[in-house]
Amino acid sequence: MKKVWLTLVTVSLGLTACNDNQILTPPTETNPPASAAPSSSSALPVSASQIEQASAPAEVKPAVSSGNFLADAAALQAAEDALKALPQFGGKPVNVFQTIHFYGGSHPRITVDIQDPGKPDNIDHYEFKDGKWGDPVPVRISGDGRMKDNVFPLNEIKFANIAKIAQTFSEKATEVGAEETTVDHVYYSLFVPTGEKKWYTSDIKTPRAEYEFEFNKDGSLKSFKKR
């Protein structure tokens with residue numbers, strides 16, 4: 001069985017197909033976290049395509065935290081509620097295509113590719129920034145894999161749980177004496193070849209060691225260990 005895989009490179013989107021005995025590189029964005037999912041040099045070259053910028057904001061405009069977006073459970077929950085309330089979904093289940101990214105820092109935002117509930121073979125790119133969701137932008141995909149192998153229900157995760165991850169990151173980073181104690185990128189990803197889904201963050205680095213996290217689906221800490 002063949003499966004499709006999406007790779008994001010700046011504003012270009014593309015995918016590739018592989019045979020069952022090949023392992024594909026997981027989805028990443030520019031400057032990915034160090035603890036990204038496993039990759040392999042056996043992945044086939046990606047055929048890139050361009051997407052256009054969203055032309056207008058969505059009507060729903062939840063507030064965004066004035067501090068660290070990834071630590072603000074209320075702002076994260078507002079973003080999730082606003083996404084589900086978009087008129088194009090009409091109360092229908094929302095399916096994510098492989099990965100959803102959350103960013104904090106000076107440019108808080110969320111980026112996600114979502115299956116069109118009315119046309120399941122279509123994927124649209126959404127971005128949340130400045131307190132609102134932009135219009136959907138069509139994503140061009142290629143490959144003969146099965147779409148159902150590449151999506152998961154948005155309801156599997158709660159955006160507000162990222163605040164738990166952010167707090168744990170800060171506590172552990174402080175505990176081991178890391179200079180950077182604030183996480184600025186968290187993402188939840190489906191690794192298509194195995195069906196595994198989990199949270200990822202950047203690793204914690206000190207002058208003498210590096211540490212990595214593993215989180216449960218609800219954002220609670222599963223493991224924290226030296227690499």
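The values are calculated or read from the model by the stated rules, or taken from the named source; none is laboratory data. Worth saying up front: this structure is predicted, and the values here are computed from it rather than measured. Ligands, DNA and RNA are stripped out before the accessible areas are found, and what is left, the full protein with its side chains, is counted by its heavy atoms. Shrake-Rupley method; radii C 1.70, N 1.55, O 1.52, S 1.80 Å.
Using a 1.4 Å probe over the heavy atoms of the protein chains, calculate the carbon and sulfur portion of the accessible area of region 91-195 as a whole percent. Don't jump to the answer; show the numbers that get you there.
On the way: 2070 of 4590 Å².
After summing per-atom areas, the C and S share lands at 45 percent.
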Original post:
Considering only protein heavy atoms, what is the solvent-accessible area of Ser106 at a probe of 1.4 Å, reported in Å² to the nearest 10?
Top reply: 100 Å²
Original post:
For region 87-227, with every protein chain kept in place, what is the accessible area per residue (1.4 Å probe, Å²)?
Top reply: 48 Å²
Subject >> Spatially proximal lysines relative to Lys119 (Cα-Cα < 28 Å; intrachain offsets below 8 disregarded) >> reply: Lys2, Lys3, Lys61, Lys84, Lys92, Lys129, Lys132, Lys148, Lys158, Lys197, Lys198
